[in-house]
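In what follows, a single structure is set out as structure tokens and then discussed.
The values are calculated or read from the model by the stated rules, or taken from the named source; none is laboratory data. Everything numeric here is computed off the predicted structure, so don't read it as measured data. Cβ: placed from backbone, ideal geometry, glycine included. Neighbour counts: every protein chain shown.
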């Protein structure tokens with residue numbers, strides 16, 4: 001089997017795409033799709049074993065993938081890894097700023113260290129990688145950047161550190177789009193809602209009932225898929241989005257529109273089978289998170 005992308009084959013031929021957080025979840029899926037469309041993908045992350053495993057998957061599927069171990073929170077490490085990617089591959093046409101992470105905690109329990117760790121990963125790290133890709137290549141040659149944020153409209157109770165960081169990344173996206181447009185660089189963001197991704201299995205067991213129930217707050221009545229998120233990312237990187245910059249594309253089934261007093265009804269069985277809301281399962285290696293299959 002191969003990735004069932006809706007985009008044209010060879011769309012990213014001769015291009016180099018960097019995907020941070022490429023060892024799992026949405027990053028892994030996006031790397032597979034970009035490679036299936038002809039890109040030389042470079043997977044960046046802290047866990048070398050995971051990166052190598054995804055690179056082998058892509059190679060087995062006929063694509064090209066390289067790996068680069070890097071903690072995106074460390075400025076010198078980011079500078080070095082971007083330089084190394086350019087030395088090895090000669091260009092960086094696209095960046096998917098996907099590395100991130102958070103944990104469930106009310107604000108009053110979050111330590112300064114915990115706050116800084118989440119903000120550093122989800123905001124500072126993304127800024128550093130984007131800045132270096134721009135400085136070292138895109139400023140002179142153009143390119144496209146997609147930052148991955150989250151459904152933080154209405155903020156994120158129980159994940160206030162992540163909500164603050166993601167909101168900051170939206171502002172960074174808008175600022176970078178304005179400042180870097182003169183160099184032919186487009187900067188956008190994708191905001192995934194409740195996506196059935198491997199990241200769900202990283203939360204503690206006591207969170208499982210809440211995670212399984214989240215789909216009931218989504219007007220489309222289900223979780224999104226990694227492939228649906230990847231498709232949004234790939235679109236924003238593609239020539240079809242050449243006049244789109246500084247925006248956020250939500251992939252959330254209208255979740256932020258839920259309001260008190262609105263008589264939301266989940267789609268019935270017949271409606272759920274309509275092509276307009278049927279899940280897109282393009283990722284041939286995608287699996288259901290364990291917490292959702294229990």
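Overview of results
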| quantity | calculated |
| --- | --- |
| Filter result (in contact with a helix residue (DSSP H, G or I) (Cβ under 9 Å, 6 or more places away or on another chain), at pLDDT below 80 and over 19 Å from residue 4 (Cβ atoms)) within the stretch 267-294 | 290, 291, 294 |
| Any helices (runs of 4 or more DSSP H) falling wholly within the stretch 203-275 and containing at least 1 residues that are exposed (fewer than 10 other Cβ atoms within 10 Å of the Cβ) and over 15 Å from the mean Cα position of the chain (by Cα) | 208-213, 269-272 |
| Hits in the stretch 73-104 (condition: touching a helix residue (DSSP H, G or I) at 6+ places or on another chain (Cβ under 7 Å) and over 24 Å from residue 146 (Cβ atoms)) | 104 |
| Residue ID - farthest from residue 54 (Cα to Cα), chosen from residues in the stretch 10-42 that are in contact (Cβ under 8 Å) with a residue 40 or more places away in the chain and assigned to a loop (DSSP other than H, G, I, E, B) | 11 |
| Positions within the stretch 17-39 being surrounded by fewer than 24 Cβ atoms within 10 Å (Cβ to Cβ) and under 13 Å from residue 63 (Cα atoms), in sequence order | 37, 38 |
| Among the residues listed as 56, 91, 135, the single one being surrounded by fewer than 22 Cβ atoms within 10 Å (Cβ to Cβ), over 18 Å from the mean Cα position of the chain (by Cα) and not in a helix (DSSP H, G or I) | 91 |
